[in-house]
Amino acid sequence: GKWHMGVNCKTHRDHCHHPLNHGFDYFYGMPFTLVNECQGTDDPELAKSLQDTYWFYTQMIILAVFTLVTGKLANLFPVKWKIIICLAICGLLHFISWFSSYGFTKYWNCILMRNHDITEQPMNLQETTSNMLKEAITFIERTKHRPFLLFVSLLHVHTPLITTEKFQGRSRHGLYGDNVEEMDWMVGKLLDVIDKEDLKNTTFIYFASDHGGFLEAHRGNSQLGGWNGIYKGGKGMGGWEGGIRVPGIVRWPGVLPAGTVIDEPTSLMDIYPTVVQLAGGAVPQDRVVDGHTLLPLLRGTEQHSRHEFLFHYCGVFLHAVRWHQKDSGTVWKAHYATPVFQPEGSGACFRRGICPCFGDGVTHHDPPLLFNLSRDPSEANPLSADTEPLFDTVTRRIRAAVEEHRKTLTPVPQQLSPYNNIWKPWLQPCCGTFPFCWCHEENNKE
């Protein structure tokens, strides 16, 4: 399924970020993310967020190059031609990045890979559902006699909501509902194979989402990104519950009783140590691992989550902290930064398309906005020292936890820097002769 963690570092075939370079033995899926350009029917998605930035930098660099060349030729100031040429190349890259977002995105971003080989460029979205399902089922069938780990990252319930004709119009909740129903059918097909191969009682299955509904995704008056119920905020917001709370459904009939509901704070970071324990391994001891195994909680040998604190980030910026107070069972949430909704009071960043993590798009809070999630899961009523006797005690304890947490962090290069977001032709995966990148696996076989 969708990898979305990058592919190459220095050349178009070094595959430094590829799944096979990070512990997986087999990969089939989309190395990048799913955007509207892949379907070609909706408004451009990447262009909307990046075109203005690319064009601004292009203009600034052109102006700088023009000024330097004029100054050089008029002997107004000394400057090396090498510097001017480098700056001109940088400007050209920004221009190409801006220009390519108009038409080439589908060919260069919307690709499918099997291991290191590109199978479709651009991908055919109408065939993707059956391809993903077929690959997952085949994997189960060929590895059923030994332990296996299968991670299926579905392209469904993500704009542009690719839905095959069979499921279009089936839901009373529009295209989003159709997409959810098709995803549900796909999950059911995978569970059927597990049951058919007699793996039901020996297979641990975990179903979840990576974030809440994408509130800003609209087509006219139609909501395309889901709904977060009573919870405030959504996708791309570092702290609000609507962006954090996701389904967590576990199935393991041979071990776990059906119908059990566990109301304790856990994290998707818990999947890693859980899988390691199931496989009989041990997590690395030379670093702080933020997740905790879920097995004691699921088996009932522990009644409370091992997470006393959960730290909620937007990019590299800490936006909120959740404190699960063990002695009382109360869950507190402190917000240090919150997105500025546009329009005000709308609950989302409709004018920006997605909420930013820093700058003039966020409001900083000192003291933090404090909520008692046990009583106010909608985060509608911020507490203060006047309304909550424990306000100072709780905020001090959370502040101390943040200081301890920051001691465990290791600085890393900024992955979302402007340079890292510039399109680089020498890193572009291409199944043909660049820039003529198109192929289809079935056509190649023929």
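The values are calculated or read from the model by the stated rules, or taken from the named source; none is laboratory data. What you see is a predicted model; the values in this text were computed from it and never measured. Glycine gets a Cβ as well: all are built from the backbone with ideal geometry, and neighbour counts include every protein chain shown. What goes into the accessible areas is simple: the full protein's heavy atoms, side chains included, and nothing from ligands, DNA or RNA. Shrake-Rupley method; radii C 1.70, N 1.55, O 1.52, S 1.80 Å.
Select from the range 192-210 the residues that are over 20 Å from T159 (Cβ atoms), touching a residue at least 60 places away in the same chain (Cβ under 8 Å) and either touching a His at 6+ places or on another chain (Cβ under 9 Å) or surrounded by fewer than 15 Cβ atoms within 10 Å (Cβ to Cβ) (or both) and list them in ascending order.
Within the range 192-210, no residue meets the criteria.
Being open to solvent by 30 Å² or more (accessible area, probe 1.4 Å) and either at pLDDT below 95 or not in a loop (DSSP other than H, G, I, E, B) (or both) is the filter here, so list the residues in the range 105-115 that pass it.
K106, Y107, N109, R114
Of the residues that sit in the range 262-291 and are within 17 Å of V331 (Cβ to Cβ) and out of contact with any His (no Cβ under 8 Å at 6 or more places or on another chain), which one is surrounded by the most Cβ atoms within 10 Å (Cβ to Cβ)?
I262
Considering the range 396-415 alone, what residues qualify as being loosely packed, with under 10 Cβ neighbours inside 10 Å and either touching a Ser or Thr at 6+ places or on another chain (Cβ under 7 Å) or hydrophobic (A, V, I, L, M, F, W, C) (or both)?
V412
Within the range 377-389, which residues are without any contact (Cβ under 8 Å) to a residue 60 or more places away in the chain and closer than 18 Å to G345 by Cα?
Across the range 377-389, the qualifying residues are N381, P382.
Look at T119 and say whether it is in a helix (DSSP H, G or I), touching a His at 6+ places or on another chain (Cβ under 9 Å) and at pLDDT 80 or above.
Answer is no for this residue.
Take the range 146-183 and flag every residue that is closer than 28 Å to L20 by Cα and free of Cβ contacts under 8 Å to residues at least 24 places away in the same chain.
Passing the criteria: R146, F148, L150.
So which residues in the range 330-351 are within 13 Å of T363 (Cβ to Cβ) and part of a strand (DSSP E or B), if there are any at all?
H335, Y336, A337, T338, P339, Q342, C349 - these are the residues of the range 330-351 that are within 13 Å of T363 (Cβ to Cβ) and part of a strand (DSSP E or B).
Among the residues in the range 337-357, are any over 24 Å from N228 (Cβ atoms) and either loosely packed, with under 15 Cβ neighbours inside 10 Å or among the hydroxyl-bearing types (S, T, Y) (or both)?
No, every residue in the range 337-357 fails to be over 24 Å from N228 (Cβ atoms) and either loosely packed, with under 15 Cβ neighbours inside 10 Å or among the hydroxyl-bearing types (S, T, Y) (or both).
Among (1) open to solvent by less than 60 Å² (accessible area, probe 1.4 Å); (2) hydrophobic (A, V, I, L, M, F, W, C); (3) under 30 Å from D178 (Cα atoms), where does L294 come up short?
(3) is the only condition that L294 fails.
Could you say which residue among G280, G239, G291, G254 is on the phi > 0 side of the Ramachandran plot and part of a loop (DSSP other than H, G, I, E, B)?
G280
So T260 clears everything in (1) hydroxyl-bearing (S, T, Y); (2) within 19 Å of F311 (Cβ to Cβ); (3) part of a loop (DSSP other than H, G, I, E, B) except one condition, right? Which one?
Every listed condition holds for T260 apart from (2).
Does the range 211-231 contain at least one residue that is among the polar types (S, T, N, Q) and either touching a Pro at 6+ places or on another chain (Cβ under 9 Å) or open to solvent by 70 Å² or more (accessible area, probe 1.4 Å) (or both)?
yes
Return a yes/no flag: does the range 178-190 have any residue that is of a type in the set (S, T, N, Q), open to solvent by less than 40 Å² (accessible area, probe 1.4 Å) and part of a loop (DSSP other than H, G, I, E, B).
no
So, E135, is that one under 23 Å from the mean Cα position of the chain (by Cα), more than 30 Å from L63 (Cα to Cα), open to solvent by less than 50 Å² (accessible area, probe 1.4 Å) and among the acidic types (D, E) or not?
So E135 fits the description; yes.
Might you check whether a residue that is part of a helix (DSSP H, G or I), aromatic (F, W, Y) and open to solvent by 30 Å² or more (accessible area, probe 1.4 Å) occurs anywhere in the range 161-170?
No; the residues of the range 161-170 include none that is part of a helix (DSSP H, G or I), aromatic (F, W, Y) and open to solvent by 30 Å² or more (accessible area, probe 1.4 Å).
Is at least one residue of the range 245-261 among the hydrophobic types (A, V, I, L, M, F, W, C), under 23 Å from R352 (Cβ atoms) and buried (at least 18 other Cβ atoms within 10 Å of the Cβ)?
no
Anything in the range 302-329 that is assigned to a loop (DSSP other than H, G, I, E, B) and over 20 Å from N381 (Cα atoms)? List them, or say none.
Residues satisfying the conditions are E302, Q303, H304, S305, R306, H307, E308, G315, V316, K326, D327, S328.
Search the range 128-145 for residues that are more than 23 Å from L161 (Cβ to Cβ) and in a helix (DSSP H, G or I) and pair each with any residue that is at pLDDT 95 or above and open to solvent by less than 20 Å² (accessible area, probe 1.4 Å) when their beta-carbon atoms are under 7 Å apart and the residues are at least 6 apart or on different chains.
Matching pairs, first to second residue: I137/V193; I140/V193; I140/I194.
Tally the residues that are of a type in the set (D, E) and surrounded by 17 or more Cβ atoms within 10 Å (Cβ to Cβ), restricting the search to the range 358-395.
2
Of all residues being open to solvent by 100 Å² or more (accessible area, probe 1.4 Å), without any contact (Cβ under 8 Å) to a residue 60 or more places away in the chain and within 30 Å of C90 (Cβ to Cβ) in the range 416-446, which is farthest from the chain's Cα centre (by Cα)? Just the residue, please.
Taking the candidates together, the pick is T433.
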